[in-house]
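Trainee: Submitted below is the structure of interest, expressed as structure tokens.
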Amino acid sequence: ISIDEFEEIVNSRYDPTQLKDGYAPFCKHLFIVNDFTDARVNVLPITKENEHCLRTNYEARNEKELPVLTRYFDRELLMNGGKKESDVFPVAKYIDLILYSRGQIEKENAAMGKEGTEGKETAPWGIVSIKAQDVDNELPMTPITAMRNALGKDQGGSGVDLVREEYMAAADYWQGHANVL
């Protein structure tokens, strides 16, 4: 499916009454049934059978962000032994579209030196992340993402304070799960 086709389907299914609150007032989630892509889940439980496939790395989403330590499953290691993708990664039942308000996107772009983007888009919300998953609710944010978000916008964060209780719940979830890269 092309980006244009994906965007057309998402826009046809957009219903503002279905938006769910995110971690900050400028963040919303739109959960749509995944009956139009072969997108596969990218979060797996950590088991004795796959824990040897875990890796760590310092990563930044772009050149202006501070690199942070991440833990993830190495996709190639999970696929060793002639496994098919469908044996390891089920097709996701839902797509979680994480949306930021146009104002927040413009503030973060300006803080990261991406001037001249104001006014080019008119949609009230922009997609900042797409997550293929098996549940129609928000998975906990990874603890390192919560920490990054607590940084100022000039460091790649959103400037939203870290909430200890949410952070601890996320740490509990991610202790037994990892993203696949």
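The values are calculated or read from the model by the stated rules, or taken from the named source; none is laboratory data. Keep in mind that what you see is a predicted model, and the values were worked out from it rather than measured. Cβ sites come from the backbone with ideal geometry, for glycine too, and all protein chains shown count toward neighbours. The protein model used for the area step is the full one, side chains on, heavy atoms only, and it has no ligands, DNA or RNA in it. Shrake-Rupley method; radii C 1.70, N 1.55, O 1.52, S 1.80 Å.
Trainee: With a sphere of radius 10 Å drawn around the Cβ of Met141, what net charge do the other residues whose Cβ falls strictly inside it have (Lys, Arg +1; Asp, Glu -1)?
Mentor: Details: positive: Arg148; negative: Glu138, Glu166.
Within the 10 Å Cβ shell, the charges total -1.
Trainee: A further question on this structure: Could you work out the per residue convex hull volume over the alpha carbons of segment 71-120, in cubic angstrom?
Mentor: Numbers: hull volume 8.1 nm³, N = 50.
With only Cα atoms used, segment 71-120 gives 162 Å³ per residue.
Trainee: I'd like the carbon and sulfur percentage of the solvent accessible area for segment 89-181, probe radius 1.4 Å, heavy atoms only, ligands and nucleic acids excluded. Don't skip to the answer; put the middle values down first.
Mentor: Numbers: 2710 of 5030 Å².
Accessible surface attributable to carbon and sulfur in segment 89-181 totals 54 percent.
Trainee: Please label the shape of segment 27-107 as rounded, prolate or oblate, based on the square roots a ≥ b ≥ c of the eigenvalues of the alpha-carbon gyration tensor (a/c under 1.5 means rounded; beyond that, a/b larger than b/c means prolate, else oblate). Provide the component values of the computation, followed by the final result.
Mentor: Details: a/c = 2.83, a/b = 1.31, b/c = 2.16.
Taking the square roots of the gyration eigenvalues as a ≥ b ≥ c, segment 27-107 is oblate.
Trainee: With a 1.4 Å probe and all protein chains left in place, how much accessible area per residue does the chain have, in Å²?
Mentor: On the way: 11020 Å² over 181 residues.
Per residue, the chain has 61 Å² of solvent-accessible surface.
Trainee: For Glu63 and Arg40, FRET efficiency with R0 = 30 Å and r from the beta-carbon atoms, rounded to 0.05? Mind showing how you got there, number by number?
Mentor: Details: r = 29 Å, r/R0 = 0.95.
The computed FRET efficiency comes out at 0.55.
Trainee: Just tell me the longest site-free run in the chain, where the sites are chymotrypsin sites (Phe, Trp or Tyr not before Pro) in a DSSP loop having at most 16 other beta-carbon atoms within 10 Å.
Mentor: Working: sites that count: Tyr14, Phe36.
The segment 37-181 is the longest one with no such site.
Trainee: For the chain, treating each Cα as an identical point scatterer without solvent, what Debye log10 I(q)/I(0) comes out at q = 0.14, 0.18 1/Å?
Mentor: One equal scatterer on each Cα of the chain leads to -0.91, -1.42.
Trainee: Could you work out the relative contact order of the chain? I mean the mean sequence separation of Cα pairs under 8 Å and 6+ apart, divided by the number of residues, in percent. Please list the in-between numbers first.
Mentor: Numbers: 266 pairs, mean separation 48.2, N = 181.
Rounded, it is 27 percent for the chain.
Trainee: Now, a different point. Segment 85-135: which trypsin sites (Lys or Arg not before Pro) are DSSP loop and have at most 16 other beta-carbon atoms within 10 angstrom?
Mentor: Details: sites: Lys93, Arg102, Lys107, Lys114, Lys120, Lys131; in loops: Lys93, Lys114, Lys120.
When the trypsin sites (Lys or Arg not before Pro) of segment 85-135 are filtered for loop state and at most 16 Cβ neighbours within 10 Å, Lys93, Lys114, Lys120 remain.
Trainee: Kirkwood Rh over alpha-carbon pairs of segment 89-162, then Stokes-Einstein at 4 °C and 1.567 mPa s: what D in µm² s⁻¹, rounded to an integer?
Mentor: On the way: Rh = 13.9 Å.
Using the Kirkwood radius from Cα pairs, D works out to 93 µm²/s.
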